[in-house]
1. Tell me, in nm to one decimal, what length is gained between residue 3 and residue 135 on full extension, where the rule is 0.36 nm per residue of separation less the Cα-Cα distance?
2. How tilted is helix 6-19 with respect to the longest principal axis of the chain? Cα atoms for both, answer in degrees (0 to 90, nearest 10).
3. With charges set only on the Cβ (+1 for Lys and Arg, -1 for Asp and Glu), what does the dipole of the chain come to about its Cα centre, in debye to the nearest 20?
4. Run lengths n ≥ 4 of DSSP H only: what is the helix-derived mean residue ellipticity at 222 nm for the chain, with -39500 (n - 2.57) per run over all residues, to the nearest 500?
5. I want the local charge near residue 21. Using Cβ-Cβ distances under 10 Å, sum +1 for each Lys or Arg and -1 for each Asp or Glu among the other residues.
6. List the chymotrypsin sites (Phe, Trp or Tyr not before Pro) in region 1-91 that DSSP assigns to loop (not H, G, I, E or B) and whose Cβ has at most 16 other Cβ atoms within 10 Å. Which are they?
7. Could you check what % of the DSSP bridge pairs in the chain are antiparallel, to the nearest 5?
8. Quick one: 3J(HN,Hα) in Hz for region 110-126, Karplus 6.51/-1.76/1.60 with θ = phi - 60°, rounded, Gly and Pro as x.
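Just so it is clear, none of the values below were taken in a lab; they were calculated from the coordinates. None of the values given here were measured: they were computed from a predicted structure. Methodologically, a virtual Cβ is constructed for each residue, glycine included, from the backbone with ideal geometry; neighbour enumeration extends over all protein chains shown.
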Amino acid sequence: MLIILSQLLEAIIAQAREDHPIETCGVIAGPEGSDLPLRLIPMRNSANSADFFQLDAEEQFRVWSEMEENGEEPIVIYHSHTGSRAYPSSDDVLFAAEPRTHYVIIGTDPARKLETRSFRIIDGEITEEKLRSVERYAAHCDAHIYSPETGSPACQLS
Ligand SMILES: [Zn+2]
């Protein structure tokens with residue numbers, strides 16, 4: 001199951017709507033091993049396409065290096081489907097390289113209901129999981145309050 005702050009969920013849906021009909025994409029980083037998405041990093045779809053997304057190689061390198069420096073990992077990798085259902089395409093499966101990541105797809109196809117779904121993609125196998133939005137990650141740590149201005153505080157756990 002993916003547990004995500006409702007503010008973050010709303011932010012990625014807003015981004016997907018804004019970029020429509022181009023597929024949006026980005027990452028939500030969090031402390032390594034925490035499974036807590038905290039730091040929103042909207043990214044550029046270098047394919048600039050309505051049916052495909054591709055992270056810009058330079059940007060991806062920069063974002064991934066930054067996460068490593070911060071002791072973070074990509075908890076969520078998200079993108080939108082603007083003309084098809086919110087389900088991983090064969091390309092999505094092909095490029096899913098992070099077995100611990102929640103792959104979130106926001107469906108903005110006007111012919112369908114707006115939907116946001118979360119998947120695990122491991123060794124080419126797609127498993128849908130529950131997505132639950134919460135006001136805060138209080139059960140884990142009070143420091144985990146999302147702030148778009150400052151980014152997130154470091155995890156205070158252990
Ligand atoms: Zn896709």
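1. Details: separation 132, 0.36 × 132 = 47.52 nm, distance 1.02 nm.
Length difference between fully extended and current span is 46.5 nm.
2. 30 degrees
3. Numbers: 13 positive and 27 negative charges, 122 e Å.
Here the chain has a charge dipole of around 580 debye.
4. Rounded to the nearest 500, the figure is -6500 deg cm²/dmol.
5. Details: positive: none; negative: 19, 23, 51, 109.
Local charge sum for residue 21: -4.
6. Values: sites: 52, 53, 61, 64, 78; in loops: 52, 53.
Sparse-neighbourhood loop chymotrypsin sites (Phe, Trp or Tyr not before Pro): 52.
7. Values: 23 of 33 bridges.
Antiparallel: roughly 70 percent of the beta bridges in the chain.
8. x, 6, 10, 6, 4, 9, 10, 10, 10, 9, 9, 10, 10, 6, x, 9, 9
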